[in-house]
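Read through the structure below, which is laid out as structure tokens, and then see the notes.
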Amino acid sequence: MELVEESPYRFRIDRHDPMRVPGVVFASRSLLPDAGEDRSLEQVANVATLPGIVDASYAMPDVHWGYGFPIGGVAATDVANGGVVSPGGVGFDISCGVRLLAADLDRDGLRPRLDALMDGLGEATPRGMGRGAVWHLSNRAELDAVLRGGSRYAVERGFGVERDLHRCEDAGAVGDADPARVSERAIERGARQVGSLGSGNHFLEVQAVEEVYDDTAATAFGLRPGQVCVMIHCGSRGLGHQICTDYVRQMEKVMARHGIEVPDRQLACAPVSSAEGRAYLGAMAAAANYARANRQLLTDAARKVFARVTGSRLDLVYDISHNLAKIETHGVDGARRALCVHRKGATRALPPGHDDLPDDLRDVGQPVLIPGSMGTGSYVLTGVPGAPAFASTCHGAGRVQSRKQAVRSERGLDPRAQLEARDIAVRGASRRGLAEEMPAAYKDVSAVVAAAEGAGLCRKVARLVPLGVVKG
């Protein structure tokens with residue numbers, strides 16, 4: 001794949017048939033995927049063939065191979081001009097995202113109680129591949145209420161406070177969710193998992209604010225040096241996975257009827273305005289609300305442990321998804337257009353002054369939460385005016401090794417001992433689960449963030465370091 005370097009943090013893939021727009025990769029040279037190991041740049045070019053795509057097919061600095069779309073891919077299609085929605089542009093873990101909570105407690109005050117806190121969080125956080133959840137729903141009607149109401153419904157039922165909703169993307173729930181578009185198999189998979197962490201790269205991590213780069217934004221977010229925080233990374237569990245599976249199959253069957261051809265079946269899609277497109281968006285929104293409720297419930301469980309063990313409270317900084325397609329209005333060729341913006345492994349990053357921000361964040365922009373690989377630091381960023389890629393940025397460090405490769409590279413080593421040698425307390429993960437997520441499996445998150453900032457996608461606010469981690 002030939003890349004043209006436009007600037008130190010921006011590369012272009014020139015348009016050629018059947019691409020409708022160019023590809024644009026935001027990265028430093030050291031972060032570009034190895035073409036021999038990772039075909040994600042080929043996926044960037046494939047995404048550029050989607051009907052109705054505007055501007056460019058974008059890739060963030062953490063880009064790596066994914067299903068159809070690369071992980072770290074952003075693409076917007078023009079709804080009024082045949083623009084499509086593609087489940088592969090959202091991914092299997094719909095509305096997977098990150099939530100950051102700030103404690104009224106400093107690192108030094110936590111130190112003598114860290115082990116007791118981690119024990120409590122380990123016991124209170126359902127996780128892993130199997131069943132188990134904070135909230136045992138009584139019937140289908142209650143699950144439908146979760147799918148429609150997301151965090152709002154969880155707060156109504158006592159799992160949080162009203163302020164939480166002001167610090168959530170979409171105020172805690174996507175408005176056009178349609179549970180009727182969710183299959184019975186997806187319902188079955190999700191019914192007993194709401195309020196659970198899952199496995200893989202999902203985690204609950206106790207952190208401390210190590211460095212602040214922007215005092216004004218950090219103060220608005222509620223962050224200060226030395227402060228203890230909790231970061232939660234999880235999504236829509238089996239329900240979201242099944243919805244993606246169901247709609248990829250459905251759209252494969254109808255593309256010919258809509259006159260659509262794609263170079264990769266994993267890019268199966270349908271016009272946003274079609275019956276199939278509307279059905280997927282309704283089901284996707286339901287899964288997004290499930291994911292927001294999921295993080296809200298895990299927040300409530302963590303708050304109870306913090307109150308019991310440390311006597312401190314946890315306030316929500318922000319909750320943001322990084323696997324979603326949203327209908328948004330953006331300027332294209334001098335006109336405002338309704339676009340279906342796919343962000344897969346990419347985070348919305350609204351600039352200061354944006355109408356969708358709560359009043360107390362409008363002057364500084366939206367918090368953007370970037371978890372590092374396990375055992376490394378994480379970042380809090382904010383959106384900036386005039387950013388490219390439809391106000392989007394990276395979502396994490398980005399894998400450079402498959403899970404199998406990561407396990408092989410850790411053979412003969414003890415991942416838990418390595419983390420504990422860094423004074424990071426670990427609860428609940430198997431040796432294999434830890435090996436899959438060790439830092440060697442990922443890009444350097446600091447380099448990723450530097451590239452995102454250098455490309456004008458965002459601005460650094462703070463860096464957080466891990467004190468303890470709960471994993472499946």
## Note on the structure
Taking region 440-461 and keeping residues closer than 11 Å to Val384 by Cβ and open to solvent by 20 Å² or more (accessible area, probe 1.4 Å) leaves Glu453, Ala455, Gly456, Arg459, Lys460
### Task
Go through region 102-152 and count every residue that is of a type in the set (Lys, Arg), touching a strand residue (DSSP E or B) at 6+ places or on another chain (Cβ under 8 Å) and in a helix (DSSP H, G or I).
1
### Task
Among residues belonging to region 414-472 that are in contact with a Ser or Thr (Cβ under 7 Å, 6 or more places away or on another chain) and assigned to a helix (DSSP H, G or I), point out the one that is nearest to Arg348 (Cα to Cα).
Ala452
## Note on the structure
Selection from region 401-433 of residues closer than 22 Å to Asp119 by Cβ, out of contact with any strand residue (DSSP E or B) (no Cβ under 7 Å at 6 or more places or on another chain) and among the aliphatic types (A, V, I, L, M) yields Ala417, Ala421
### Message
Let me spell it out: the conditions are (1) open to solvent by less than 10 Å² (accessible area, probe 1.4 Å); (2) over 21 Å from Pro439 (Cα atoms); (3) not in a helix (DSSP H, G or I), and Asp62 meets all of them except one. Which number is the exception?
### Response
(2)
#### Entry: Of all residues making up region 161-197, the number that are among the small types (Gly, Ala, Ser) and open to solvent by 20 Å² or more (accessible area, probe 1.4 Å)
5
#### Entry: region 182-237, residues that are touching a Cys at 6+ places or on another chain (Cβ under 9 Å) and under 18 Å from Leu105 (Cβ atoms)
Leu204, Glu205, Val206, Gln207, Ala208, Val209, Leu223
### Message
Please verify whether Ala283 is more than 30 Å from Gly120 (Cβ to Cβ) and modelled with pLDDT of 95 or more, treating the condition exactly as stated.
### Response
yes
### Query
Here is a list of conditions, (1) within 19 Å of the chain's Cα centre (by Cα); (2) more than 30 Å from Ala56 (Cβ to Cβ); (3) open to solvent by 10 Å² or more (accessible area, probe 1.4 Å), and Lys326 meets all of them except one; can you say which number that is?
(2)
### Query
For region 147-155, does any single residue satisfy the condition of being loosely packed, with under 14 Cβ neighbours inside 10 Å and more than 20 Å from Val469 (Cβ to Cβ)?
no
#### Entry: Arg111 vs. criteria free of Cβ contacts under 8 Å to residues at least 24 places away in the same chain, out of contact with any helix residue (DSSP H, G or I) (no Cβ under 9 Å at 6 or more places or on another chain) and farther than 30 Å from Asp38 by Cβ
yes
### Message
Suppose we keep only residues that are more than 14 Å from Leu457 (Cα to Cα) and open to solvent by 10 Å² or more (accessible area, probe 1.4 Å) within region 392-406. Which one would you say is nearest to the chain's Cα centre (by Cα)?
### Response
Arg399
### Task
Kindly establish whether Val47 is at pLDDT 95 or above, open to solvent by less than 20 Å² (accessible area, probe 1.4 Å) and out of contact with any Lys or Arg (no Cβ under 9 Å at 6 or more places or on another chain).
yes
### Task
Specify which of the listed residues (Arg292, Arg224, Arg257, Arg189) is assigned to a helix (DSSP H, G or I), out of contact with any Leu (no Cβ under 9 Å at 6 or more places or on another chain) and of a type outside the set (A, V, I, L, M).
Arg292
### Task
Evaluate region 92-100: report whether one residue or more is modelled with pLDDT of 95 or more, touching a Leu at 6+ places or on another chain (Cβ under 9 Å) and charged (D, E, K, R).
yes
### Summary
In the set Asp356, Asp264, Asp319, the lone residue that is closer than 28 Å to Thr216 by Cα, surrounded by fewer than 21 Cβ atoms within 10 Å (Cβ to Cβ) and either touching a residue at least 40 places away in the same chain (Cβ under 8 Å) or under 20 Å from the mean Cα position of the chain (by Cα) (or both) is Asp356
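The values are calculated or read from the model by the stated rules, or taken from the named source; none is laboratory data. Computed from a prediction, not measured in an experiment: that's the story for all the values here. Quick reminder, even Gly has a Cβ in these numbers, built from the backbone with ideal geometry, and neighbours come from all protein chains shown. Surface accessibility is based on the protein's heavy atoms, side chains included, excluding ligands, DNA and RNA. Shrake-Rupley method; radii C 1.70, N 1.55, O 1.52, S 1.80 Å.
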